[in-house]
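For reference, the structure discussed in these notes is given below.
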Amino acid sequence: MSKVSEDLNEWRRTCYSTDVTPDLESKEITVFGRVMTRREQGGITFLILQDMKGIVQVTIHRDKSPKEVVEDIKNLELHSVIGIKGSVKSMPKAPHGAEINPSKIKILSQPKTKLPFDPHGRIEQSIDKRLDLRVIDLLRPRSQAIFKIRNVVLEVMRQFFHDEDFLEINTPKIISSATEGGAALFPLLYYDKEAFLAQSPQLYKEQLSSIFEKVFEIAPIFRAEPFRTLRHLSEAISVDVEQAYVTYVDVMELLERMIQHIVISLNEKCKDELSILNVKLDPPQLPLKQVTYDEVLKALEKTDVKIEWGDDLSTASLKEISKQFPQYYFIIDWPTTSKAFYIKPKTANQELCESFDLMCGPIELVSGGTRISNREDLAKRIAEKGLEPKNFDYHLKIFDYGMPPHAGFGLGLDRLIMMLTNIENIREVVLFPRDPQRLTP
Ligand code: ATP
Ligand code: MG
């Protein structure tokens, strides 16, 4: 064991690994990071240090480097967390064309046990094993690439909404009653009462759109999904949008522009990350293809999968029809019975409603629609759906004070990231996923 000192004292970083280039030749610098590899060659030790930006080579010569440094690295364990003070030297073979010749090493933390898997190893570990030790898994370039892409998606999405004059809102996640029905809710004890974790901000965002007109929220939704699938989590992040004085046609147009903007931005800002993941992203051509629910059922007639008119589309049916459509497509004009109570039936044909799902292959990314803005119609739909009208008093009464026509959608952020990174399991794109069998870490 080498000597460890957790105190930083006067030690502060002067540059990142990726700043160590021939431009800094002979400059004295301080870097911090984790020792990822160690190689000995004829009296020379090469360390590769990884920090938040990338990697840098540190080279120690048994004969030329300060005695103290040579001594310090003798028993230096892999994955130790260290600081290095030293000078930069051009070295064409090293990452970024330069290395550090250290004058001082500070060992801040030495691992007490060996890692259960090598984050840079060639052998792909099972996702469960990696999630059990997620933070170590995040040393893997692939995992890092996913979360850097996720970060950029959030950044450009927020910017997109702000540029369109949307106001970012935060609505409560502890609620007194179900938004869309009693199923799939997590109950909890709220002082001496029963409460629930919110399955969606639907009613709050609708109410707020009557004042702010254009609102969005990026926040968790909680759903006690009974099944374990590759696209469902118990806690997911939803991007919720609601806008007054528009219909579903307008918010579909907003949504497709946003998706296109995200793809274009990722190609600009995340070249390295996309290449690590081996992903090529083509910006979708607008407008995106639209098919009606009835057309989907017609297309299914030629297959073995059968759907009764009025039912939701099953996983098997979506797999079938995705073979016939481009990557992104809208399914529009669903039967009123298949959608939530707040979706507006079409005036000319009440059996159909002003609704859409945005699909990416067989996976649903977004659901949206025009909302009912008439109090009596809304109360009627609540009763028709078998929900308890009393539970919605606080919501319905807002409609008594005047409610503009409005429309909106909810987009599953985690599902969008799956699609953009071409990853099959939603757990890969969430830092600490929650599902029926996973509540830790
Ligand atoms: P699905 O039919 O795929 O279960 P849904 O129709 O129940 O989804 P919505 O209530 O329409 O979901 O929610 C809007 C969006 O939120 C969905 O299109 C999806 O992208 C995302 N979403 C919903 N539930 C989950 C979940 N359990 N895990 C991850 N994302 C989800
Ligand atoms: Mg849906």
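A few remarks follow.
- Residue match in the range 377-396 (condition: more than 15 Å from ligand 2 (Cβ to nearest atom), at pLDDT 95 or above and touching a strand residue (DSSP E or B) at 6+ places or on another chain (Cβ under 6 Å)): no
- Candidates in the range 393-431 are the residues that are closer than 26 Å to LEU281 by Cα and part of a loop (DSSP other than H, G, I, E, B); of these, the one that is nearest to the chain's Cα centre (by Cα) is VAL430.
- Looking only at the range 359-368, residues that are of a type in the set (A, V, I, L, M), within 20 Å of ALA316 (Cβ to Cβ) and within 8 Å of ligand 1 (Cβ to nearest atom) come to 2 in all.
- When VAL246, VAL251, VAL279 are checked against the criterion of being surrounded by 20 or more Cβ atoms within 10 Å (Cβ to Cβ) and in a loop (DSSP other than H, G, I, E, B), VAL246 stands alone in meeting it.
- Complete set of residues in the range 147-187 that are in a strand (DSSP E or B) and either modelled with pLDDT of 95 or more or surrounded by 14 or more Cβ atoms within 10 Å (Cβ to Cβ) (or both): LEU167, GLU168, ILE174, ILE175
- Annotation note: Cβ proximity below 8 Å between a residue of the range 332-354 that is on the phi > 0 side of the Ramachandran plot and a residue that is of a type outside the set (Val, Ile, Thr) and assigned to a loop (DSSP other than H, G, I, E, B) (sequence gap 6+ or interchain) occurs for ASP333/LYS346; ASP333/GLU354.
- Flag for ASP333 being surrounded by fewer than 17 Cβ atoms within 10 Å (Cβ to Cβ), assigned by TED's automatic domain parsing to the domain that holds ALA244 and not hydrophobic (A, V, I, L, M, F, W, C): no
- The listed residue being polar (S, T, N, Q), touching a Cys at 6+ places or on another chain (Cβ under 9 Å) and in contact (Cβ under 8 Å) with a residue 24 or more places away in the chain, out of THR45, THR30, THR59, THR21: THR30
The values are calculated or read from the model by the stated rules, or taken from the named source; none is laboratory data. Remember, predicted model here, so these are calculated numbers, not experimental data. Every residue, glycine among them, receives a Cβ derived from its backbone with ideal geometry; neighbour counts consider all protein chains shown.
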